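Enquirer: Let me begin by handing over the structure; questions about it come next.
Only the coordinates and a few stated rules stand behind these numbers; no lab work does. In this text, all values refer to a predicted model and were calculated from it rather than measured experimentally. Because the Cβ atoms are built from the backbone with ideal geometry, glycine has one as well, and the counts that use them run over all protein chains shown.
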Amino acid sequence: MTNPLYDQLFGKHAGKQTPFLLFRDGTVLTHAAFLEQAARFAHVLTEGGLKPGDRVAVQVHKSAEALALYAACVQAGIVFLPLNTAYTVDELDYFIDNSGARIVICDDGSKTLLQPVADRLGAGVETLNADGSGSLSDRSAAMPAHYPTVERSADDLAAFLYTSGTTGRSKGAMLTQDNLLSNAATLADLWRFTAEDVLLHALPIFHTHGLFVATNVTLIAGGSMIFLPKFDQDAVIDLLPKATAMMGVPTFYTRLLGDERFNRELTGHMRLFVSGSAPLLAETHKDFEDRTGHRILERYGMTETNMNTSNPYDGERKAGTVGPPLPGVELIITDPDTALELPHGDIGQIEVRGPNVFKGYWQMPEKTAAELRDNGFFITGDLGRIDEDGYVQIVGRNKDLIISGGYNIYPKEIELLLDEQPGVLESAVIGVPHADFGETVLGVIVPRPGETPDPEQILQVAGASLARFKHPRKLVIVDSLPRNTMGKVQKNLLRDAFKDTFAAG
Ligand code: MCA
Ligand code: AMP
């Protein structure tokens, strides 16, 4: 085998005239046509001087071509670095610089802003638009539809995904071919994916869930995907009759439950609904079953580890749990202070080890050492327990993280920005319950003595440098922040004080 990830996900479908991507307008892209486009892109990238192991930073809208670019990188041994389309130029500057990406691929609309950043950092720029047009596609048109797959081993890097941290600086999680491949194989088997499956794909493809779980699982099984540019309720309801399975964040399911067209009749033929990326309320699990007769299958993962646990396909899918560890994955509960394993049933920090666990953070050995133990266990930062049936329950987080609609937001990054604003002495950013997004961002500000910060103006400044989903939905001004005897801000008290701010959505 020359390139295990390419061979298992893509190569084995070469020449197949079977449907791979289905679109709302009825268009179908076959496996063969998809792979030919990928091969053409691989030629453009390597003729542009990229070598195996080089990084390509990609901030493009979801499209067949965007996915073909991922396949092209795998085939050419290039490290694929997908970036949230909501990121601002300031945010992208950091990712391009930190990763040392040799080329940036964005849409024509972002090129003017990104070109100077790329020039300063010595990277090239190509464009790829939502409709598949752009300089990358133009250049690819003249390229051969076959590309000699570059040899890679299971331990070679396949992708970087940036994940924020408690210090506010994002870290590039280095994922190997085997991290992705082993997880895709395990999940496809566990969730019984076959070539007959049609996955309704409404997730973004710049994160683990939409790219490595949804797409890789479908590809390894040889199935097809109804490929929606984003979650659009009408489109999902229109197309569900053609699908066999769907994966989503809890917001997808709460939104669908708010629509009376989403009922037993519409979903009766479906084989599977999977949820992850954020906690699914037991209440949503129950409402979903009452409405459709389906029990959502909840699983638990992270950027650094892909998926760790899953409720079973057959057998009890327990609401409020994320199921037992996946085959091949070890999961232990440890004491955060002593790092010792806790007795069965106790609450502690969740640690995982297995072929799914990443190689470390790019050029950050201290951060890697702090989270990835020498014995191979990764400290997830989640708190949980294992119940009497071996199912994992996540009960909280030992890390300061907000999850809004499935997107992760690290308060520190926002606090650093708020603290710099005129009239602000200090700030605390917290997550508070939100009916649609699960949690949303609230900023708490303490003014400098005698000064009156202007929340409107502060929100405007934040808007210029932070992705929209990270913006505080509200800023409140308080006299002081509650602190414990060690001087640490007691965010739990703030969360409690402001828990009803958005309770009604
Ligand atoms: C959009 N907005 C958001 C979010 N999404 N704000 C906070 N949190 C969000 N998640 C902004 C929009 O810019 C817009 O701002 C306003 O909120 C409302 O937009 P709306 O149209 O309602 O939102 P949407 O475009 O429908 O998007 C909501 C969404 C989307 C469908 C839930 O966020 C989504 O697809 N989330 C999935 C994220 C995901 O794939 N996570 C997996 C990460 P304005 O109105 O001001 O313009 S991987 C992971 O976590 C691990 C590994 C795992 O286990 O899977
Ligand atoms: P990310 O940084 O995007 O990799 O997000 C990973 C985090 O999402 C995990 O550490 C958990 O805190 C959270 N997460 C993922 N799936 C679930 C789930 N099913 N239930 C609760 N939290 C989850």
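Enquirer: Among the lysines, which fall within straight-line cross-link reach of Lys242, defined as a Cα-Cα distance under 27 Å, with same-chain neighbours fewer than 8 residues apart omitted?
Expert: The reachable lysines, counting only those whose Cα sits under 27 Å from Lys242, are Lys12, Lys16, Lys62, Lys230, Lys286.
Enquirer: Let me ask something else. Report, to one decimal in Å, the Kirkwood hydrodynamic radius for the chain based on all distinct Cα pairs.
Expert: 23.7 Å
Enquirer: So what's the gap between the Cα centers of the range 288-306 and the range 447-485, to the nearest angstrom?
Expert: Going from one Cα centre to the other spans 35 Å.
Enquirer: Please work out how much length the chain gains when fully extended from Arg448 to Asp97, using 0.36 nm per residue of separation minus the C-alpha to C-alpha distance, in nm with one decimal.
Expert: Fully extending the segment from Arg448 to Asp97 adds 122.9 nm.
Enquirer: Say R0 is 41 Å: what FRET efficiency, to the nearest 0.05, do Thr167 and Gln17 get from their beta-carbon distance?
Expert: For Thr167 and Gln17, the calculated efficiency is 0.20.
Enquirer: Under 11 Å from the 7 Å Cα→Cβ point of Gln393, by amide nitrogen: which residues of the range 312-336?
Expert: Answer for the range 312-336: 319-322.
Enquirer: Continuing with this model, one more query. Can you give me the Cα centroid spacing of the range 175-234 and the range 319-342 in angstrom?
Expert: 25 Å
Enquirer: In nanometres, what is the gap between the two model label sites at Asp436 and Gln233, each 7 Å from Cα along Cα-to-Cβ?
Expert: Each label point is offset 7 Å from its Cα along the Cβ direction, giving 0.9 nm.
Enquirer: How long are the semi-axes of the equivalent ellipsoid of the range 365-437, taking √(5λ) for every eigenvalue λ of the Cα gyration tensor, in whole Å from largest down?
Expert: Three semi-axes, in Å: 30, 20, 9.
Enquirer: Sequence neighbours fewer than 8 away in the same chain don't count; with that in mind, list the aspartates and glutamates whose C-alpha is under 19 Å from Lys488.
Expert: Asp337, Asp400, Glu413, Glu415, Asp419, Glu426, Asp479, Asp496
Enquirer: Now a separate question. Quick one: if you stick a label point 7 Å off each Cα along the C-beta vector at Ala130 and Tyr313, how many nm between them?
Expert: Simple spin-label model gives 3.5 nm for this pair.
Enquirer: Something else now. Can you tally the net charge around Leu266? Count Lys and Arg as +1, Asp and Glu as -1, for every other residue whose Cβ sits under 12 Å from the Cβ of Leu266.
Expert: Every neighbour counted, the sum reads 0.
Enquirer: Here's a follow-up. What does the charge count near Arg24 come to, summing +1 for each Lys or Arg and -1 for each Asp or Glu among other residues with Cβ under 9 Å from its Cβ?
Expert: Value of the local net charge: -3.
Enquirer: With the crude spin-label approximation of a point 7 Å out along Cα→Cβ, what separation in nm comes out for Lys242 versus Asp500?
Expert: The answer from the label model is 4.7 nm.
Enquirer: Suppose R0 equals 25 Å; then what is the FRET efficiency for Glu330 and Leu493 from their Cβ-Cβ distance, rounded to the nearest 0.05?
Expert: With R0 = 25 Å, the Cβ-Cβ based efficiency is 0.10.
Enquirer: On full extension of the chain, what length is gained from Ala370 through Thr88, given 0.36 nm per residue of separation minus the C-alpha to C-alpha distance?
Expert: Between Ala370 and Thr88, full extension yields an extra 98.6 nm.
Enquirer: Note the full-extension length gain between Ser465 and Thr27 as 0.36 nm times their separation in residues minus their Cα-Cα distance, in nm to one decimal.
Expert: 153.9 nm is the gain from fully extending Ser465 to Thr27.
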